[in-house]
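Worksheet: one structure, shown below.
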Amino acid sequence: MDGPTGEPPEPADPVDPEGAPDAPPTLPSRTAFLTAFLSILVAGILGGIIGWGLGDIGSDSNGNLGQLLGAVIGAIVAAGGVGIVAVLVLRAQAEWQRTPPDAPRPPRRPS
């Protein structure tokens with residue numbers, strides 16, 4: 001709908017394409033995301049190894065079902081636990097990097 005002067009109304013929050021950052025400034029670095037991902041992966045592998053060993057000890061038969069079940073459950077529990085901690089750490093890191101709304105933006109790097 002046009003404004004009273006026949007011109008389109010101004011948007012409530014105009015976005016400056018030259019000064020807009022590529023990503024929100026509160027996002028953790030890529031290194032932090034990669035470290036979190038690798039820690040979840042390592043925890044899943046180690047949890048699977050521990051679960052395989054517990055399944056091997058607890059199994060009376062020669063079948064591998066107990067070992068496989070122990071490995072899968074161990075991997076899921078370990079990766080899930082480390083995943084929860086990793087998300088909390090990434091959120092805390094984002095909160096530490098939060099800047100007040102009236103703070104000046106850092107200059108953009110030339111592309």
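Quick look at the values:
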{"item": "Unmet criterion (only one of (1) at pLDDT 85 or above; (2) surrounded by 15 or more Cβ atoms within 10 Å (Cβ to Cβ)) for LEU41", "result": "(2)"}
{"item": "Pairs where the first residue, in segment 45-58, is surrounded by fewer than 15 Cβ atoms within 10 Å (Cβ to Cβ) and the second is in a helix (DSSP H, G or I) and not aromatic (Phe, Trp, Tyr), C-beta under 6 Å, 6+ apart", "result": "ASP56/GLN67"}
{"item": "Single unsatisfied condition, ALA71 versus (1) in contact with a Ser or Thr (Cβ under 9 Å, 6 or more places away or on another chain); (2) assigned to a helix (DSSP H, G or I); (3) at pLDDT below 95", "result": "(1)"}
{"item": "Hits in segment 7-38 - residues which are β-branched (Val, Ile, Thr) and either over 13 Å from the mean Cα position of the chain (by Cα) or modelled with pLDDT under 90 (or both)", "result": "VAL15, THR26"}
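The values are calculated or read from the model by the stated rules, or taken from the named source; none is laboratory data. None of these values were measured; they are calculated from a predicted model. A quick note on method: Cβ atoms are made from the backbone with ideal geometry, for glycine too, and the neighbour counts reach across all protein chains shown.
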